[in-house]
Amino acid sequence: MSFYVRYLFFVYCALWLSITTTYAQSKVIPLSVKSADALQGFQKEGDSSYQKLIGNVQLEHQGTLMYCDSAIINLVLNDAEAFGDVLIVQPDGTTISSDYVKYAGDKKLAIFRSNVTLTDGKNSLWTDSLDYQTQAKIGTYTTGGTLQAEGTTLSSEKGQYLVKTKDAIFE
């Protein structure tokens with residue numbers, strides 16, 4: 001009988017551990033508003049809840065800071081659209097600026113448009129359109145880009161820049 005009780009206890013503990021580990025890995029970390037001059041809440045597109053932030057907006061998501069003139073945040077999808085003087089600063093010091101970004105927090109993707117500049121402290125990339133994987137730190141452009149690295153400047157129509165390794169792939 002005691003073997004059976006120990007066995008059930010072991011199974012219960014293993015099941016509990018796997019459930020809590022799975023929950024911790026899938027836990028959504030929401031975008032947080034650090035500051036804004038004005039805040040408006042509204043609903044559109046069904047039951048999604050949005051916040052419109054105006055003036056001196058500062059957002060944070062998993063250590064990454066976002067600054068802009070105005071933003072609209074989807075509280076259900078954990079997404080944000082930022083407009084005007086957009087600047088994203090990652091914990092490692094990588095910065096990306098543009099006129100507009102669509103930030104998908106759960107997908108760890110930022111889609112930058114218009115006057116995009118990516119700087120990693122050593123190299124700089126300029127383009128008008130950049131899709132940036134925030135966790136993998138890979139920027140992809142398809143509308144022409146210029147990379148300046150260690151005194152060398154290269155331009156290409158399409159390419160990728162890997163921030164972690166400082167490698168570039170040109171097409």
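The values are calculated or read from the model by the stated rules, or taken from the named source; none is laboratory data. Everything numeric here is computed off the predicted structure, so don't read it as measured data. Here Cβ is always computed from backbone atoms with ideal geometry, including for glycine, and neighbour counts include all displayed protein chains. With ligands, DNA and RNA removed, areas are computed over all heavy atoms of the protein, side chains included. Shrake-Rupley method; radii C 1.70, N 1.55, O 1.52, S 1.80 Å.
What the table shows:
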| quantity | calculated |
| --- | --- |
| Solvent-accessible surface (1.4 angstrom probe) belonging to Glu150, in square angstrom, nearest 10 | 140 Å² |
| For Asp106, solvent-accessible area (1.4 Å; no DNA, RNA or ligand), Å² | 80 Å² |
| Greater than 24 Å apart at Cα, pairs in Lys52/Lys137; Lys137/Lys158; Lys122/Lys158; Lys52/Lys102 | Lys52/Lys137 |
| Charged-residue dipole, Cβ positions (Lys, Arg, Asp, Glu), segment 70-171 about Cα centre, Debye nearest 20 | 200 debye |
| Largest to smallest accessible area among Lys107, Lys137, Lys158 [probe 1.4 Å] | Lys107, Lys158, Lys137 |
| Segment 122-166: mean projected area of Cα convex hull, nm² | 2.9 nm² |
| Mean accessible surface per residue for segment 109-171, computed with a 1.4 Å probe while every protein chain stays in place, in Å² | 52 Å² |
